[in-house]
Each structure stands twice: as structure tokens, then as C-alpha cells.
Amino acid sequence: MRFLFLGDVVGKPGYSAVLAHVANLKEQHALDAVVINAENAADGAGLMPRQYRRLIEAGVDGITMGDHIYRRAEIIPVLEKSDRIVKPANYPANATGKNWVIVPTPNGKLGIISLMGRVFMRPVDCPFAAVDRVLEEIAGAADAILVDVHAEATSDKQALARYLDGRVTAVLGTHTHVPTADAHVMPGGTAMQCDVGMCGPYQSIIGRDVARVLKTTTTFEPCHFHVATRDVRLCGAIIESDDQAHAISIERFEVPVPYEPGSKS
Ligand SMILES: [Fe+2]
Ligand SMILES: [Fe+2]
């Protein structure tokens, strides 16, 4: 199986780029599936149901989220019903959403799991215990398994990746919005990259308008952080897996996308 995982889709620049390009990317790169992290799609925080529908219609096969998952309450019914979007598996048991989904692809079934890290983040349940539970539940049901580790610290991500080496196809990081240069297949056959980078404007501070963020950072006076607009790129990683659900390869993926601020999406 060949699949592309795209990191945090940020605001309209990231969202409209994914919508416009996902079908072409599938064809150009002979992809069986595209999975995205959409936690920042709705003006930088959350995902609206309309966006969810359009992304799936455009060809997105599965969606992960992160700490912004419930920022738009409208998404809750989608999280209850959809078989294409997951919540972090180490969120409270009562939190709305599925701990895993398995999506069909032309080349087998792709399992999708999301985990939150614990360093410099809101306290959550143990991600190691959570992923053990999920892997037991889905044992044998998927031909490849993608784990999105949504975490701040590279050490947190590396620990989870090493813990899962040989047990899943890929452990790919999100949340920092900055791609790391460590994409590789670990000795047990699991591909990993600490952060695949965001789909959004790179002339920014993690996707937000530079002047706005600097104003608050230097004065401590809060203001709304608008999503930036320049140097939009789609970033992620392409994984190829064998019939044992191990990774054969991981390639960093990064393409610039023209963006007209004010364009309709
Ligand atoms: Fe994010
Ligand atoms: Fe996040």
C-alpha cells in the first residue's frame, strides 16, 4: 500500500490547497490513500462539518485531529458517526469520537490511530497503554496501520515511535507544524518522522500572522492570531508498506501551492 499523510491543515490556505490537490496527488504519486490531520482547518482551530464533507468528497480517506479537536462543537455529531475520523485514543473514555478507524483502499485496509503526547501538553491518559489497547482491538483487521502522534516534544514522539517499532506501519508526528529531517524506517520495520510539517502558510509563526504573534509575545497583550497567507505548502510523508504491514520506505513530501488571499473555497 502507498499512502500520503499530510500534517496539520491550517486555515483556508491549507484547507483550500488540500481540496484543490488531493485528487491529483493520488494520481501523480500512485497513492492508495490520503490521510490528513485537520485540527486547524477552521480558521486555525477545529474542523467544521462542511469542511469535513468537502474534504472526504475531494478524496481524503481519513482524518486525524489533536488538541483542537472539539474547538468547533459542530463537529461532534460527525465524530460520533463517521468511520473516517478519529479522536486521540488516549483522551478520556467519555470524550466523543472513535479510538480508531479502518478505511478501505484499493490495496487493502488502512487502520488510523491518533495519540496525544504528554510533554508540555494538557494531561491525558497514557498513550502507550492506549495504543496497546487499540492494537489489541484491531489485531489482524488492517493491512497497514498509521499512528499520528500529536505532541510537542520530539523525545515524546521518538519514545512512542520506538515503542511501536515493528507493530505498526508508520508513526508520524504532528502539532508543531514544523517538519523534522528524521524520516526513516526503524529496525523493526516501522516508518517514523517526528513531525511531518503543516499544510499551510510557512511565512508565519506556526501558521499564524507574524506581526500578531510578535505583538502578543513581546507585550503579553492578547490579540486574535490571524492565519497567515504567504508561502503555502502541503507537507507530509509518503509511506509504502509490504504485505506484513511493515514500511518499505518513507519519503518526505513537500510541495508549494499558489494561494490568492480572498479566494473562494
Ligand atoms: Fe496543529
Ligand atoms: Fe495541535
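Where a number appears in this text, it was derived from the coordinates with a stated rule and is not lab data. Here the structure is a predicted model, which is why all the values come from computation and not from measurement. Don't worry about glycine lacking a Cβ; one is built from the backbone with ideal geometry, like all the others, and counts go over all protein chains shown.
Give me the dipole magnitude in Debye, nearest 20, for the chain about the Cα centre, with unit charges on the beta carbon: positive for Lys and Arg, negative for Asp and Glu.
The dipole of the chain has a size of about 740 debye.
Looking at segment 158-265, the DSSP beta bridges with both ends there are about 80 percent antiparallel.
If you take every DSSP beta bridge whose two residues both sit in segment 77-181, what share of them, in percent to the nearest 5, is antiparallel?
On the way: 5 of 19 bridges.
Beta bridges within segment 77-181, antiparallel portion: roughly 25 percent.
Each Cα pair under 8 Å and six or more residues apart adds its sequence gap; the mean of these over the residue count of segment 66-115 is a relative contact order of 31 percent.
Once the C-beta distance of R50 and A93 is scaled by a Förster radius of 25 Å, the resulting FRET efficiency is 0.30 to the nearest 0.05. Nearest-5 percent of antiparallel DSSP beta bridges in the chain? Roughly 50 percent of the beta bridges in the chain run antiparallel, per DSSP. With a 10 Å cut-off between alpha carbons and a GNM built on the chain, which of V147, V134, V60 moves the most? Answer for the Gaussian network model of the chain: V134.
Which value at 222 nm does the chain reach when only helices count, each DSSP H run of 4 or more adding -39,500 (n - 2.57), with the total divided by all residues and rounded to the nearest 500 deg cm²/dmol?
Details: 6 runs with 66 residues, N = 265.
Rounded to the nearest 500, the figure is -7500 deg cm²/dmol.
Placing pseudo-labels 7 Å out from each Cα toward the beta carbon at A58 and K81 gives an inter-label distance of 2.2 nm.
Diffusion coefficient (Stokes-Einstein, Kirkwood radius over C-alpha pairs, 4 °C, 1.567 mPa s) for segment 1-66: 113 µm²/s, rounded to a whole number. Please report the relative contact order for the chain, taking Cα pairs under 8 Å with a sequence separation of at least 6, and give it as a percent rounded to a whole number. Computed over the chain, the figure is 19 percent. 7 Å from Cα along Cα→Cβ at both V210 and E74: what's the point-to-point distance in nm? Modelled inter-label distance: 3.2 nm. Assign one of three labels to segment 86-235, namely rounded, prolate or oblate, based on the Cα gyration tensor with a ≥ b ≥ c the square roots of its eigenvalues; rounded applies when a/c is under 1.5, prolate when it is not and a/b is larger than b/c, and oblate otherwise. Here segment 86-235 falls in the prolate category. Between E137 and V178, the simple spin-label model (points 7 angstrom out along Cα→Cβ) gives 3.4 nm. Using the Cα coordinates of segment 196-244, the gyration tensor eigenvalues translate into equivalent-ellipsoid semi-axes of 33, 11, 7 Å, sorted from longest to shortest.
For the chain, report the translational diffusion coefficient in µm²/s to the nearest whole number, using Stokes-Einstein at 37 °C, 0.692 mPa s, and a Kirkwood Rh over Cα pairs.
Working: Rh = 18.1 Å.
Here the translational diffusion coefficient equals 182 µm²/s.
Straight-distance candidates among the aspartates and glutamates for linking to K109, with alpha-carbon spacing under 13 Å and chain neighbours fewer than 8 residues away dropped: D32, D61, D83, D143, D242, D243. In order along segment 201-208, the phi-based Karplus estimate (6.51 cos²θ - 1.76 cosθ + 1.60, θ = phi - 60°) of 3J(HN,Hα) comes to x, 7, 7, 5, 10, 6, x, 9 Hz; Gly and Pro are listed as x. Using a 7 Å offset from Cα along Cα-Cβ at R230, what residues in segment 197-219 end up with backbone N under 15 Å from the label point? Residues 201-214 qualify, since their backbone N sits under 15 Å from the label point. Our estimate of slack between V255 and E221, defined as 0.36 nm per intervening residue step minus the Cα-Cα distance, is 8.7 nm.
What FRET efficiency comes out for the pair A129/K109, r = Cβ-Cβ distance, R0 = 22 Å, nearest 0.05?
For A129 and K109, the calculated efficiency is 0.35.
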